Amino acid sequence: MALDEFALIGRYFRTAQLERAADSAAVALGIGDDAAVLQPGAGQQLVISTDSLLAGVHFPEQYPPAELGYRALAVAVSDLAAMAATPLAFTLALSLPQVDEPWLQAFSRGLAVAARDFSINLIGGDTTRGPLNLGVTVLGQVARGQAMRRDGARGSDLLCVGGPLGDGAAGLAVVQGSDLPPGLSLAGQDYLQQRFWRPQPQLALGQLLRGVATAGLDVSDGLLADAEHIAQASGVALHIDAARLPCSEALGSWPELQQLEWMLRGGDDYVLLFTLPAAAKPHISQWRAAGHAITIIGSVHAGSGVLLDVGKGYAPLTGERGYQHFRSLDD
């Protein structure tokens, strides 16, 4: 007998692994009613973000369902890290062309692993029949006035990134079976695939940056594109030194020009890009000692836009900054 909508939810999503993946104290009412009820802590503000994932746009047409389940939640939770928030709960709006139970079993298993990794509970959502589409809404909390925003960068601030760049794009190349450089080891291939399918939102780093960073976001569309978001919101110019960009050993297997292209425009890295007052520089060594791979990649100045130095002095950007939806519609 084919599963109906409610049987599907009950079998694959109303499970202990998803409903109780984290402390449920903030969930006053979860799955099963017309809506969920959350109870954030006293003095906290809610942080809410929604992501949609489409086949062929956000992930390849051919994919492992369990890895897709993990990735779908990870990239959404990264938005909470970008706001310096602590995860509370998430909802899932899932459109499926048909009920495929092996697919659902694998997908929900990967989703549950991510929910446990990020300490976040599933509290509801929707299932419909249609082309495959994953809509994930995440909810978090942050102390009042402590959310990390894009609009606070000031002249003389340091520009920092929380980890290596370019791995997401290189990982996609590995996943898609592209021609790989001969120097890329099997361990390197595995590392890059994990960086694509299982990005790790920098929640702990985001929380350390509360009240210290002046601006920040996560690198999803590409370093240059996301840096421009901070520059525009803050009304400043960001200077980026290409020689300082952090590169993993695996990415170093590609020619330097390809490395640089992916670090600047590749996207899908989900590391934090943030600005710090110069007086906060001593914090960096403390955070590094705690395991956060922070690199100073530039600085903030009066002016506008993003300027890049590739060894010939700082110059304004030309060409594409990174991925943008509907780009072809504007041409």
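Residue count for the range 50-99 under the criterion of being more than 25 Å from S178 (Cβ to Cβ), without any contact (Cβ under 8 Å) to a residue 60 or more places away in the chain and among the polar types (S, T, N, Q): the result is 3. If you go through the range 226-246 and keep only what is closer than 29 Å to R144 by Cα and either touching a strand residue (DSSP E or B) at 6+ places or on another chain (Cβ under 9 Å) or outside the structural domain of G168 (by TED's automatic domain parsing) (or both), you end up with D226, A227, E228, H229, I230, A231, Q232, A233, S234, V236, A237, L238.
Of the strands (runs of 3 or more DSSP E) lying entirely inside the range 183-282, those carrying at least 3 residues that are within 23 Å of F118 (Cβ to Cβ) are 215-218, 272-276. Do we find that F90 is under 18 Å from the mean Cα position of the chain (by Cα) and either β-branched (V, I, T) or not assigned by TED's automatic domain parsing to the domain that holds L272 (or both) in this structure? Criteria met by F90.
When V99, V138, V113 are checked against the criterion of being among the β-branched types (V, I, T), touching a Phe, Trp or Tyr at 6+ places or on another chain (Cβ under 8 Å) and closer than 23 Å to P60 by Cβ, V113 stands alone in meeting it. In the range 267-315, the qualifying residues are those that are of a type in the set (D, E, K, R) and within 24 Å of the chain's Cα centre (by Cα), and the one that is nearest to L165 (Cα to Cα) is D269. The criterion of at least 2 residues that are under 21 Å from D221 (Cα atoms) is met, among helices (runs of 4 or more DSSP H) falling completely within the range 1-120, by 65-82.
Would you be able to say whether some residue in the range 114-121 is farther than 15 Å from P201 by Cβ and among the polar types (S, T, N, Q)? Yes, the range 114-121 contains at least one residue that is farther than 15 Å from P201 by Cβ and among the polar types (S, T, N, Q).
Of the set (1) in contact with a helix residue (DSSP H, G or I) (Cβ under 8 Å, 6 or more places away or on another chain); (2) in contact (Cβ under 8 Å) with a residue 24 or more places away in the chain, all apply to Q232 but (1).
Within the range 241-258, residues that are under 20 Å from G298 (Cβ atoms) reach partners that are buried (at least 19 other Cβ atoms within 10 Å of the Cβ) and of a type in the set (A, V, I, L, M, F, W, C) with beta carbons closer than 6 Å, at six or more positions or on different chains, in the pairs R244/I297; L245/L165; L245/M263; L245/I297; L251/A170.
The values are calculated or read from the model by the stated rules, or taken from the named source; none is laboratory data. Remember, predicted model here, so these are calculated numbers, not experimental data. Neighbour counts are summed over all protein chains in view; Cβ atoms, including those assigned to glycine, are modelled from backbone coordinates with ideal geometry.
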